[in-house]
Amino acid sequence: MAGDGTGDDDDVHARVKYKGVARTADGRWRGFITNKFGRRYGVGDHGTPEEAALAHDRAILAILGAHASPAALNFRAAFSDTELRFLRGPHAPSRRAAGVVAAVMRGAAFDAALERFAARAYDAHTDPELALDVAAFRLATRDAGTPLAQPDAERAAFVAAARNKVHDAAWLRSYLRRRRLVGATFEDENRWPPVVLPAVADVGDGFAGNELVYLPYGSCHVDEMMI
């Protein structure tokens, strides 16, 4: 199925048609992806069409990453940078796209694994890419006027922000209505989070292994003891 439908404001979900979703004989919803030869590959049976459409999108992004066409996706705006890193790249649960797609097919189990990864990402101060995501989150909360002073509260908020927005009923309703009224916007473009090369500080002969360490609250320094 392709394209967004035209449900009314009271039930914006009613006539939405999602890409890569089909109804099964037992009333569930099957997600699938299609290769360039037109062959379908299932990505699990789900309880709602939105869950099946999300599984479709996750499978596409796990396989194609930044090369995925926005037109092939249902909910590109629903993905955090943290989830994108978990779907493809060095932080994904498998080096093979097929392994990630197999995890995606487990639905709720994948969401739980994503939350655990987000919690680890918040604490991964020596990983420049994950530290960048945390810094971007802090900047966004500061700009929104809701900075979080307590580390535990900030950590919980970062994990919550990493979740896919399709699980937020209010966001999904607003998103579908916006797509119906104005079509695609910049939110729907397939922008991939930046890749950062590991930072290495050269502090002299014999110390080439020292790394730039990213500390909480945005500070950093060269820890000469970390060899």
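Read-outs: derived from the displayed coordinates by stated rules, not from any lab. A quick note: this is a predicted structure, and the numbers were derived from the prediction, not measured. Neighbour counts are summed over all protein chains in view; Cβ atoms, including those assigned to glycine, are modelled from backbone coordinates with ideal geometry.
The label point for TYR41 and the one for GLN150, both projected 7 Å from the Cα toward the Cβ, are 4.5 nm apart. A Förster distance of 35 Å, applied to the separation of the beta-carbon atoms of ALA98 and ASP26, puts the FRET efficiency at 0.85. Working note: Cα atoms of region 80-163, range along each principal axis, descending, whole Å: 40, 25, 19. One decimal place: the segment ALA71-SER174 gains 35.1 nm when fully extended, by the rule 0.36 nm per residue minus the C-alpha distance.
Each peptide in 167-173, 46-52 gets a packing score, the mean of other Cβ atoms within 10 Å over its residues, and the list from highest to lowest is 46-52, 167-173. Computed over neighbours whose Cβ is under 12 Å from that of ALA162, the net charge equals +1, Lys and Arg +1, Asp and Glu -1.
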